[in-house]
Amino acid sequence: MQTSATRNVVVNNPQGLHIRAATAIAKTVRQFASKVELVSNDHRVDGTDVWQILSMGAHAGTELALEASGPDAHEALAALARLFSENFGEE
Amino acid sequence: MQKLQGIGVSPGVAIGEALVMDTEGFRIPRRFVARDAVDDELERLNRAVAAACEEITHHRDAVSKELGEKYSAIFDAHLQMLQDSRLQSELEDMIRLRHYSPEYAVSRVLRRYAGIVQNLESRYLAERANDIFDIEKRLLRHLLGRRREGIAHLTSPVLVLAHNLTPSEAANLDSRFVRGFVTEVGGPGSHTAIVAEALGIPAVVGTGPFLTEVSGGDQVIIDGDEGLVILQPDEETLARYFHEVEEAHTQAVKLESLRDLPTETADGVRVELFGNIEFPYEVDHCVDRRADGVGLYRTEFLYLGADSEPTEDEHFQAYSRVVRAMGDLPVTIRTFDMGADKVRHLPAPEDEHNPFLGLRSIRLALRNLTMFRTQLRAILRSSALGNVRVMFPLVSTVMELRQAKMVLADMMEDLDENGIPFNRDLPVGMMVEVPSAVIMIDHFVEEVDFLSIGTNDLVQYTLAVDRSNKDVVSLYNPADPAVLRLIKMAVDAARRRSLPINCCGQMSGMPHYAMLLLGLGLRQLSVSPGALPEIKKVIRSVRMEQCDAVARRVLSMENARDIKSYVKEELKRAVPRMA
């Protein structure tokens, strides 16, 4: 079943979406079958692409919309939201 | 086109190809590839990526096994980024469509990403873009293999752009091909500044981060007069600067004709004009330009970047080269003037939170007598070969000066006992660069044979300004009336005793201060060899009464900015072509 879902998150870790955070996002997204995109203002990037995520230049405090579509869209967004709320496992 | 504002530390304009140095001091090449080589180049890129991935995997596994997965996570991130299909296609496009070399494509693409990350981080001073530079370096290493180019082997003129230049990097550059320097960090006192001045090429420091936006081979303009760096200039800007370079060249040719004329004012007052040097070969520039001697021979280069303390003979070789080249003309050798942090073989100082107020120069010498004695012995030995004078830096109390003189007397005795020739009447002088020395100048003049005002440090210590700190550098101004009054006090005290007094800071080499300095009573100026012709031109163009009037007026003024614009105006009136 194809579903789509949207969820808003805020980048909370002080360093913003830097390398490790971007890698963690891409890694998480790849575990799901759904297509996930990150949207900031009108900048829309593929959630599996580290370099695109990096090039958003999202610093702490940036609001992002996560948009997923596919069989496990809700699960994917739940996993991502957890990642954001845990500050990508940083201190 | 992109303009960067930094601090101009060596004047002039240079236009040319960028040589971008990576953090390890290697250059990042630009090479376009031939159309028919594109497939081979793509293959080369793929091999390099594969090799880099293999290397990272290996690292990751080793680290993970030893320290746990948490620590290997960053390698995992590197690996993912390298294997990313978007990166690969971006690189391939550059090679296939734009015919960039893989090296150039790699540094172009990765530096762009590093730029984004640096921008992120400039807000939080968090993790730097080093991870991306790491990936870049790894790929470049695999691409270039042994062909990785050091900066010692240049074959065409370049402008060197670097984060920072270490003394040894600066010294290793092939000066025949370097036409200018830009560094992201550093201030007027940095080594880059000294080397650039010595080479007589423009330099700008303290631009802030920009290396992520250039690649080797890009066209760059360095404007050392204005402290500007222009990346990929447009046609109009380029034309304007080419014109400026041509003008400067015409001017230089004209100044050349003054070479054999005496340095005296239009009304016949003789001024001694000396050269400041650091590296022995610079003495040739002094000889070529008929300097009246070497007014300041800095000796720090012997220590900087050396793994062990220089031997007496290494000192002697360097000094004798300069002394012999100058013949009968005076050579003033300044004993080492640096902090303990710059000398590798000394233990790191413990409380050095404030190096400019710390254990440096004469203080360091008096605490490391063996090192000091070695240098003094070599200076004494070289005094047998010509007209040598010795000078102590950063003297702040009379006691220090006396101690230094005692060590010198010791060394004389030592040489005497060993029957080694030296000049028994070796003139001994000191730098006047700490305000306390000026305040106590009536005592100091009793103890020395000559004085030399070091304006760079005098400005810094008088105004309490670290000139490598961009937030306060605007307070750093040799035209500050407080500084000028100190200079006047020192000159007056020396002249009352007919003691020679020289002025050897960067201020002396700036044409707009020449009239003022003469008006304050100075009859000796010491400037970088590159500035000799210009300063001579100013001196020969002005009359002493004009200079006196300038000094009188300036001494009644109360702020540095007004003084600076006034002396610039006066120079323009007196020597219209110069300003």
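Just so you know, all these numbers are worked out from the coordinates, no wet-lab data involved. Just so it is clear, the model here is predicted, and its values are computed rather than measured. So basically every Cβ, Gly included, is an ideal-geometry build from the backbone, and we count neighbours across all protein chains shown.
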Whole-number value, in Å³ per residue, for the convex hull of the alpha carbons of the stretch B:392-454 is 74
Other-chain or far-sequence residues with amide H under 5 Å of B:VAL432's (modelled H):
B:SER452, B:ILE453, B:GLY454
For the stretch B:502-579, build the convex hull from the C-alpha positions and give me its volume per residue in Å³.
83
Contour minus Cα-Cα distance for B:HIS345 and B:ALA248 (0.36 nm per residue):
30.5 nm
Using a/c under 1.5 as the rounded threshold, could you call the stretch B:444-579 rounded, prolate or oblate? The axes a ≥ b ≥ c are square roots of the C-alpha gyration tensor eigenvalues, and prolate needs a/b larger than b/c, oblate otherwise.
rounded
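Tell me the volume per residue, in Å³, of the convex hull enclosing the alpha carbons of the protein assembly as shown. Each step should come with its number before you reach the end.
Values: hull volume 126.9 nm³, N = 670.
About 189 Å³ per residue, rounded to a whole number.
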Give me the Kirkwood hydrodynamic radius of the stretch B:238-362 in Å, from all C-alpha pairs, to one decimal place?
17.6
How long are the semi-axes of the equivalent ellipsoid of chain B, defined as square roots of 5 times the Cα gyration tensor eigenvalues? Whole Å, largest first.
47, 29, 22
Going by how many other beta carbons lie within 10 Å of each one, how would you line up B:LYS536, B:LYS65, B:LYS572, B:LYS342, fewest first?
B:LYS65, B:LYS572, B:LYS342, B:LYS536
So, by mean Cβ neighbours within 10 angstrom, what's the order for B:37-47, B:129-139 with the highest one leading?
B:129-139, B:37-47
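Under a point-charge model restricted to the Cβ atoms of Lys and Arg (+1) and Asp and Glu (-1), what is the dipole moment magnitude of the stretch A:3-89 relative to its Cα centre, in debye to the nearest 20?
Values: 7 positive and 9 negative charges, 41 e Å.
Roughly 200 debye, rounded to the nearest 20.
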Among B:LEU258, B:VAL117, B:ASN469, whose Cα sits farthest toward the positive end of the charge dipole of chain B (+1 at Cβ of Lys/Arg, -1 at Cβ of Asp/Glu, about the Cα centre)?
B:LEU258
When Cβ neighbours within 10 Å are restricted to other protein chains, what is their mean count per residue of peptide A:4-14?
1
Answer with one residue from B:PRO188, B:VAL106, B:GLY200: the one whose Cα lies farthest towards the positive end of the charge dipole of the protein assembly as shown, charges on Cβ with Lys, Arg +1 and Asp, Glu -1.
B:GLY200
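Rounded to a whole number of µm²/s, how large is the Stokes-Einstein D of the stretch A:3-89 at 4 °C and 1.567 mPa s, given Rh as the Kirkwood radius over C-alpha pairs?
Details: Rh = 12.3 Å.
Using the Kirkwood radius from Cα pairs, D works out to 105 µm²/s.
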Ranked highest first by average number of other Cβ atoms within 10 Å, how do B:506-514, B:468-476, B:88-96 line up?
B:506-514, B:88-96, B:468-476
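In peptide A:16-25, what is the residue-averaged number of other protein chain Cβ atoms found within 10 Å of each Cβ? All intermediate terms of the calculation are to be shown ahead of the outcome.
Details: counts 8, 3, 12, 14, 6, 1, 4, 10, 4, 0.
Across the residues of A:16-25, the mean count of other-chain Cβ atoms within 10 Å is 6.
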I need the shape label for the stretch B:198-312. Rule: rounded when a/c is under 1.5, else prolate if a/b > b/c, else oblate, with a, b, c from the alpha carbon gyration tensor.
oblate
From the residues A:GLY89, A:LEU17, A:VAL29, which one has its Cα farthest along the dipole of the stretch A:3-89 in the positive direction, the dipole being from +1 and -1 charges on Cβ of Lys/Arg and Asp/Glu about the Cα centre?
A:GLY89
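Relative contact order for the stretch A:3-89: what percent, with Cα pairs under 8 Å and sequence separation of 6 or more? Please report the intermediate quantities before stating the final value.
On the way: 174 pairs, mean separation 39.7, N = 87.
So the answer I get is 46 percent.
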Roughly how big is chain B's charge dipole about its Cα centre, with Cβ charges of +1 (Lys, Arg) and -1 (Asp, Glu), in debye to the nearest 20?
1200
To the nearest 10 degrees, the tilt of helix A:73-85 (Cα long axis) against the first principal axis of the alpha carbons of chain A is 10
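What number, in percent, do you get for the relative contact order of the stretch B:200-281 if the mean sequence gap of Cα pairs under 8 Å and at least 6 apart is divided by its residue count?
Values: 44 pairs, mean separation 14.2, N = 82.
Once normalised by length, the contact order is 17 percent.
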Place a +1 charge on the Cβ of each Lys and Arg in the protein assembly as shown and a -1 charge on the Cβ of each Asp and Glu, then give the dipole magnitude about the Cα centre in debye, rounded to the nearest 20.
1280
Is the stretch B:353-458 best put as rounded, prolate or oblate by its Cα gyration tensor, with a ≥ b ≥ c the root eigenvalues, rounded for a/c under 1.5, and otherwise prolate when a/b is larger than b/c, oblate when not?
prolate
For B:LYS254, the lysines lying under 25 Å Cα to Cα, once residues fewer than eight places off in the same chain are dropped, come out as B:LYS536, B:LYS537, B:LYS568, B:LYS572
